[in-house]
Structure formats: C-alpha cells, structure tokens
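J.: The structure is given below, and queries will be raised subsequently.
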Amino acid sequence: MIPTIYNTQPDPREKWHNAYIHELLDLYNIFMLHFENAFPNVEVCDELAFHQFSRLIFHTSSGYISEYTKALQS
C-alpha cells in the first residue's frame, strides 16, 4: 500500500466518473428501466447500484475521457 503522502494524484476512476456523469446517469436509467421490468419485486438501493454500475462501465472502458462529454461542455 502506498502511503497517503505519496498519493497526490486524483483517482482516475473518479475523474472519469465526473467527466461522464450525465452519460452514466442516462445509461443507468435505461438499465434500471429494463431491470425493474424484469424483476419488479426486487428492491434496489440506487446509490449503491449506481456506484457499482459506474465501476462496471469504467473497468470495461478504455478510461479515455473525451473532450465532448456533456459535463465538460457546460
């Protein structure tokens, strides 16, 4: 484990997550629409589910941050 004083760079997933927050929310809403239709009796903690959804998308992506994301355009 790296001591905190040497770890000065921001978490790359957090930076990526913040850049793609609008796109992630759109994808998550589409996913949850289909999930809730398939499993109507399952309760979901949206905060935890969205966090895990974001991690899944990040780890299956290139990690590249486009200059054309909605968050970076505003």
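Derivation of every value follows stated rules applied to the coordinates shown; laboratory data play no part. This is a predicted model, so every value here is computed, not measured. Backbone-built Cβ (ideal geometry, glycine too); neighbour counts: all protein chains shown.
J.: For the stretch 10-74, state which chymotrypsin sites (Phe, Trp or Tyr not before Pro) are in a DSSP loop and have at most 11 other beta carbons lying within 10 Å of their beta carbon.
T.: Of the chymotrypsin sites (Phe, Trp or Tyr not before Pro), the ones in loops of the stretch 10-74 whose Cβ has at most 11 other Cβ atoms within 10 Å are Tyr64, Tyr68.
J.: Which is the longest run of the chain containing none of the GluC sites (Glu not before Pro) found in DSSP loop states (not H, G, I, E, B) with at most 10 other C-beta atoms within 10 Å?
T.: 1-42
J.: Okay, next question. What are the extents of the Cα atoms of the chain along their three principal axes, listed from largest to smallest and rounded to whole Å?
T.: If we take the Cα atoms of the chain, the spans are 47, 33, 20 Å.
J.: Sticking with this structure for a sec: Taking the Cα centre of each part, how many Å lie between the stretch 47-67 and the stretch 19-35?
T.: 10 Å
J.: Would you calculate, for the chain, the mean residue ellipticity at 222 nm contributed by helices, counting each DSSP H stretch of 4 or more residues as -39,500 (n - 2.57) and dividing by all residues, to the nearest 500?
T.: -18000 deg cm²/dmol
J.: Considering only Gln52, Met32, Ala71, whose Cα is most displaced toward the positive end of the charge dipole of the stretch 10-73, charges sitting on Cβ of Lys, Arg (+1) and Asp, Glu (-1)?
T.: Of the options given, the answer is Ala71.
J.: Using only the alpha-carbon atoms, how far is helix 21-38 inclined from the longest principal axis of the chain? Give it as 0 to 90 degrees, nearest 10.
T.: In the chain, helix 21-38 runs at an angle near 30 degrees to the longest axis.
J.: Extending each Cα 7 Å along its Cβ direction at Gln52 and Ser66, get the distance between those two points in nm, one decimal.
T.: So the label points at Gln52 and Ser66 sit 2.8 nm apart.
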